[in-house]
1. Is there a residue being of a type in the set (S, T, N, Q) and touching a residue at least 12 places away in the same chain (Cβ under 8 Å) anywhere in region 30-49?
2. Can you give me the number of residues within region 11-43 that are at pLDDT 90 or above and in contact with a helix residue (DSSP H, G or I) (Cβ under 9 Å, 6 or more places away or on another chain)?
3. Output the residue which, of all residues in region 30-59 that are part of a loop (DSSP other than H, G, I, E, B) and not charged (D, E, K, R), is surrounded by the fewest Cβ atoms within 10 Å (Cβ to Cβ).
4. Please name all residue pairs, on different chains or six or more residues apart, with Cβ atoms under 8 Å, provided the first residue is in region 1-26 and is outside any loop (DSSP other than H, G, I, E, B) and the second residue is among the aliphatic types (A, V, I, L, M).
5. Starting from region 51-66, take each residue that is under 18 Å from Glu30 (Cβ atoms) and list its partners that are acidic (Asp, Glu) and not in a helix (DSSP H, G or I), counting only C-beta distances under 6 angstrom and pairs at least six apart or across chains.
Amino acid sequence: MTISDIIQNIKSSESYKNQIVHIEDIPLKEPEYGSIEIKPLVNFALDQVGIKQLYTHQVEAIKQIRNGKDIVLVTSTASGKSIAYMIPIFESVRRLVAGKEERVTSLSTATNPKRNVCYPSRPTFRVGCKK
C-alpha cells in the first residue's frame, strides 16, 4: 500500500468525514549543507555516529549559539536539531575539562516532547561524552 492509497483510504473513511481541510504534496528538497570549524574530538564523535556533513540550519544554529544567542530551531523530524544543540554543549564541556574555562559559562537544557524523540539521541550523547 502506497502513501497515496493510505491518504485516499483516510479521505474516504466515514470516520474522517468533514475533518480533513487540506492535503498537499510537498516535493522532495535536496539537502543543503554548510561548513563550520569543529574541534577534532567533536568531529571524531560525529564521525562515529555517521555524521559527515552538517546541514545549513545546523551550521547557522551553531554560529548563533557560539555568539551567545538563545535560539529555537524548528525543522522537520530527523533533520538534526539535537546535533545542532549538542555540538556547542560538547565544545563548552571540553573547554571546561581542558582547563580553558575556570567555571561553567553557559547553561544548556535539552527537552523533547515525547520519549520516542528523546531515545534516538541517547547514543549520540554517549559517544560525544566519551573521552
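1. Within region 30-49, one or more residues are of a type in the set (S, T, N, Q) and touching a residue at least 12 places away in the same chain (Cβ under 8 Å).
2. 7
3. So the residue we want is Gly50.
4. Taking only residues 6 or more apart or on different chains, the pairs are Ile7/Ile23; Ile10/Ile20; Lys11/Ile20; Lys11/Ile23; Tyr16/Ile10.
5. Sorted first by the residue in region 51-66, then by its partner, the pairs are Thr56/Glu32.
The values are calculated or read from the model by the stated rules, or taken from the named source; none is laboratory data. Computed from a prediction, not measured in an experiment: that's the story for all the values here. A quick note on method: Cβ atoms are made from the backbone with ideal geometry, for glycine too, and the neighbour counts reach across all protein chains shown.
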